[in-house]
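First up is the structure itself, then whatever we jot down about it.
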Amino acid sequence: MTGSDILLSGKQRSYLKGIANNIDPLFQLGKSGLTENFIKQIDDALETREIIKVNVLKNCDLNPTEVASYLAEELTAEFVQSIGRKFVIYRESKENKKIQLPE
């Protein structure tokens, strides 16, 4: 499955944004940037939780929206939203499916 196979509808994206409003950032991206270890942790968290929020710290030179798009592509996930220095990505879990998206 590639990232383009799971495009979210507007209704599904809105539903995920609603869920994201109630969760705290699970990761903080700092000056060390996108390391292999950081990407692996995001990958594992998506499998466990399906939706995660990441906070891009001020000492990080990377653009939050660009980071989110890159991670979504690398991890076959969906970019949900970016607000300020935080972003949300989603990927349906293979083993731990919890979120039932609306049709």
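Coordinate-derived values only; no laboratory data. All figures in this text were calculated on a predicted structure; none of them were measured in a lab. In this analysis, Cβ positions are derived from the backbone assuming ideal geometry, glycine residues included, and neighbour counts consider all displayed protein chains.
Computed with the Debye formula from one identical point scatterer per Cα of region 4-51, without solvent, the log10 of I(q)/I(0) at q = 0.23, 0.28 Å⁻¹ comes to -1.00, -1.07. Pairwise Cα separations in the chain fall into 10 Å bins from 0 onward with the following percentages, short to long: 15, 53, 27, 4. Computed from backbone phi, the HN-Hα couplings of region 62-68 come to 7, 7, x, 5, 5, 4, 4 Hz, rounded to whole numbers (Karplus: 6.51 cos²θ - 1.76 cosθ + 1.60, θ = phi - 60°; Gly and Pro given as x). Only helical runs count toward this figure. For the chain, summing -39,500 (n - 2.57) over DSSP H runs of n ≥ 4 and dividing by all residues gives -11000 deg cm²/dmol at 222 nm. Each of Pro64, Gly84, Leu8 was scored by the projection of its Cα onto the charge dipole of the chain, and the greatest displacement toward the positive side belongs to Gly84; charges sit on the C-beta of Lys, Arg, Asp and Glu. Note on the chain: antiparallel DSSP beta bridges, both residues inside, total approximately 75 percent of the bridges counted. Taking all Cα pairs closer than 8 Å and separated by 6 or more residues, the relative contact order of the chain comes to 34 percent.
Relative to the Cα centre, the charge distribution of the chain, modelled as +1 at Lys and Arg Cβ and -1 at Asp and Glu Cβ, gives a dipole magnitude of about 480 debye.
The slack in the chain from Glu74 to Glu36, taken as 0.36 nm per residue of separation less the alpha-carbon distance, amounts to 12.6 nm. Among the listed pairs Lys31/Lys94; Lys40/Lys98; Lys17/Lys58; Lys40/Lys97; Lys11/Lys86; Lys58/Lys98, a Cα-Cα separation exceeding 30 Å is found for Lys31/Lys94; Lys58/Lys98.
The longest part of the chain holding none of the exposed loop trypsin sites (Lys or Arg not before Pro), meaning those outside H, G, I, E and B in DSSP with at most 12 other Cβ atoms within 10 Å, is 59-93. Full extension of the segment from Phe27 to Glu47, taken as 0.36 nm per residue of separation minus the current Cα-Cα distance, would add 5.7 nm.
Counting Lys and Arg as +1 and Asp and Glu as -1, what is the net charge of the other residues whose Cβ lies under 15 Å from the Cβ of Asp61?
Cβ neighbours under 15 Å give a net charge of +2.
On a 0 to 90 degree scale, rounded to 10, what angle separates helix 36-49 from the longest Cα axis of the chain? On a 0 to 90 degree scale, this one is about 30.
Computed from label points 7 Å out along Cα-Cβ, the spacing between Lys97 and Ser14 is 2.4 nm.
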